[in-house]
Amino acid sequence: MTSTDPRNALLDAAERLIALRGIDVPLRDIATEAGQRNNSAVHYYFGSRTGLIDAVIERRMSVLETVRLDMLAQHEADGTGHDLHQLVDILVRPMIDIARTGHGTHYSRFLEVVRTQPAIADFTRLDAPGHRAVRIITTRLAAALPAPHSRHRIESMATAMFALLADQERRIEAHSDLPDATADIVAMLVGLATAPTPVATTSGGGAAATHFDS
C-alpha cells in the first residue's frame, strides 16, 4: 500500500479488497493488506465492517463533493444547472476521473459491491452536510422526471450507473489509453431515466395490456 498512515492504509486496502473479493472479505485480510499486524485494527479505527465501509465512502465523497459543487456552480452560471444531461454528467464524470487520473482504480467497483448498504441506499443520508452536491442533483433529477415514478427512476439509474462505472473502471485498468466514455454513459443513463412510462389498460377481453406513454 502507498499510504504510511494506518487509517488511510486500511481504507485503501478495504476499497481494493471489497471491490475484488466482495463485501464479506475477512477483516483480518484487510488489516494484513494494510500492513497491520493487529487483526483488530479495523475495529480499533472504525468500530465495525459497516463503519469501515462508511469511512471509505466518506473519504471519497469529501473530494467528489468539492468537484461536483464546482461543476454545479459552473452550470448555474451558464444557465444549464437544471439540465438533465448536465446533472447526470456531474454525477458520472468525477467518478471516471478518479480511475483515469490514477488516484484509485477500485472505487467504482467497490460501490457496485456495497450499493445496497445504508451509506449508499439510505436516501435520508443525503441530508448530511457533506452530501450537499448529491442532494441538489437528486432533488433536481426528481423534479425533471415524471411523477410518481421519479424515485424509482433515480434508484434504477443509480444501479445502472454503478454497474457501468465499474465496467469502465475495469477497462481503464486494463487499457490506460481507453477513449473517454463519459458522454456515452451519461446518454445511456439519461435514456433509462426518461424511458416512456408503461401504462396498464384493459383489453376488450378484460385482460390487462401495456402501452407506453410518449
Checklist entry - Top mean-square fluctuation among D180, D127, D83, Gaussian network model of the chain, C-alpha springs under 10 Å? => result D127
Next on the checklist: Running a GNM on the chain with Cα contacts under 10 Å, which residue among G51, G79, G191 ends up with the highest mean-square fluctuation?
Outcome noted: G79
Checklist entry - With axes computed from alpha carbons, what is the tilt in degrees of helix 132-144 against the longest principal axis of the chain, rounded to the nearest 10 within 0 to 90? => result 20
Checklist outcome for this item: GNM of the chain, Cα pairs under 10 angstrom: of L141, L91, L20, the biggest fluctuation goes to L20
Checklist outcome for this item: Probe 1.4 Å, all chains present, heavy atoms only: L145 accessible area in Å², nearest 10, is 10
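Please compute, over every Cα-Cα pair in the stretch 73-154, the percentage with a separation greater than 20 angstrom. Show your work: numbers first, answer last.
On the way: 1444 of 3321 pairs.
Pairs farther apart than 20 Å: 43 percent.
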Item to check | Alpha carbon Rg of the chain, scaled by the compact-globule rule 2.2 N^0.38 Å | outcome: 1.17
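Hey, any idea what % of the chain's accessible area is carbon plus sulfur with a 1.4 Å probe? Please report the intermediate quantities before stating the final value.
On the way: 5880 of 11200 Å².
That fraction is 52 percent.
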Checklist outcome for this item: Calculated from DSSP helices alone, with each H run of at least 4 adding -39500 (n - 2.57) and the total divided by the residues of the chain, [θ]222 nm to the nearest 500 comes to -20500 deg cm²/dmol
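If you place +1 on the Cβ of every Lys and Arg and -1 on the Cβ of every Asp and Glu, how big does the dipole about the Cα centre of the stretch 57-148 come out, in debye to the nearest 20?
On the way: 11 positive and 11 negative charges, 61 e Å.
Once rounded to the nearest 20, the dipole reads 300 debye.
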Checklist entry - With every protein chain in place, what's the accessible area of S176 (1.4 Å probe, Å², nearest 10)? => result 110
Checklist entry - What percent do you get for the relative contact order of the chain when only Cα pairs under 8 Å and 6+ apart count? => result 19
Checklist entry - For the stretch 1-81, which semi-axes, largest first and in whole Å, follow from the square roots of 5 times the eigenvalues of its Cα gyration tensor? => result 33, 12, 10
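The values are calculated or read from the model by the stated rules, or taken from the named source; none is laboratory data. Bear in mind that the values here come from a model prediction, so they are computed numbers and not experimental data. Backbone-built Cβ (ideal geometry, glycine too); neighbour counts: all protein chains shown. In case anyone asks, the SASA skips ligands and DNA or RNA and just uses the protein heavy atoms, side chains included. Shrake-Rupley method; radii C 1.70, N 1.55, O 1.52, S 1.80 Å.
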